[in-house]
Amino acid sequence: ISAVTNKLTYDIRNSPFKPSSGSLTEFNSTIAGLGGTSYYIKNRFDYRKYKKLSKRFVGAFKFEAGHVNGYNDKYAPISANFKLGGKKLRGFRSGKVGPKSGDSYYGGQYYYLTSLETNLDLPLDEYDITSVFFIDVGSVWGLDERYGAVNDDAELRSSTGVNVLWDSAIGPINLIYSKVLSKESTDSLDSFYFDIGYNF
């Protein structure tokens with residue numbers, strides 16, 4: 001794979017780490033085929049809006065979507081497919097959502113993910129701990145004829161839960177406890193997830 005990627009970003013948040021107002025708009029485009037043997041175009045759009053609801057509460061709306069398609073009579077490689085799960089569609093195991101055959105999850109050529117979040121700073125200033133209540137809705141789908149009779153419908157998945165963020169001495173730690181509201185029988189679930197890095 002030989003590819004060129006460009007990214008356009010418009011960021012008017014008041015903080016890149018724990019924003020309480022403003023928005024982030026980002027468009028990412030990758031073109032593969034300038035050398036190499038893979039030919040595909042991959043686009044992704046990401047929008048995040050933050051608003052202070054009260055002295056202690058901040059609301060966040062997030063939406064992202066993308067697609068990947070081959071060209072020049074070539075298919076996009078499986079590695080270029082989108083995948084959900086983990087901290088992208090909480091409540092599901094990372095990469096184990098959507099089209100599946102046997103034990104293999106393929107991801108998809110199309111996806112969307114929407115999140116509504118509300119955070120509450122806990123009165124523990126010495127630890128800098130924030131709790132986030134969330135609802136996630138999304139799906140990943142779309143396979144070409146290489147995959148045969150694999151169910152790749154755009155069925156909706158959703159979950160809700162609590163995400164605790166601790167800005168610790170070793171870096172920001174995310175602890176996620178979630179409950180899945182809607183799923184498909186082939187999806188793999190994960191009610192507890194641990195991650196290091198900001199995601200509010």
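The values are calculated or read from the model by the stated rules, or taken from the named source; none is laboratory data. On a predicted model such as this, the values are computed, not experimentally measured, just so you know. Note that each Cβ is placed from the backbone with ideal geometry, even for glycine, and that neighbours are counted across all protein chains shown. The protein model used for the area step is the full one, side chains on, heavy atoms only, and it has no ligands, DNA or RNA in it. Shrake-Rupley method; radii C 1.70, N 1.55, O 1.52, S 1.80 Å.
Summary of computed values
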item	result
Subset of the range 72-84 that is modelled with pLDDT under 95 and not aliphatic (A, V, I, L, M) - its residue that is surrounded by the fewest Cβ atoms within 10 Å (Cβ to Cβ)	73
Failed criterion for residue 115 (all others in (1) closer than 24 Å to residue 31 by Cβ; (2) assigned to a strand (DSSP E or B) hold)	(1)
Any pair with Cβ under 8 angstrom, 6 or more apart, that starts in the range 133-146 at a residue that is within 15 Å of residue 92 (Cα to Cα) and ends at one that is of a type in the set (Asp, Glu) and surrounded by fewer than 18 Cβ atoms within 10 Å (Cβ to Cβ)	139/155
Residue match in the range 93-100 (condition: touching a strand residue (DSSP E or B) at 6+ places or on another chain (Cβ under 8 Å), open to solvent by less than 70 Å² (accessible area, probe 1.4 Å) and without any contact (Cβ under 8 Å) to a residue 12 or more places away in the chain)	no
Those residues of the range 163-191 which are closer than 10 Å to residue 90 by Cβ, modelled with pLDDT under 95, open to solvent by 20 Å² or more (accessible area, probe 1.4 Å) and not charged (D, E, K, R), in sequence order	177, 191
The range 147-186 - residue that is assigned to a strand (DSSP E or B) and among the basic types (Lys, Arg) and, of those, nearest to residue 98 (Cα to Cα)	157
Residue match in the range 64-79 (condition: hydroxyl-bearing (Ser, Thr, Tyr), free of Cβ contacts under 8 Å to residues at least 12 places away in the same chain and in a loop (DSSP other than H, G, I, E, B))	no
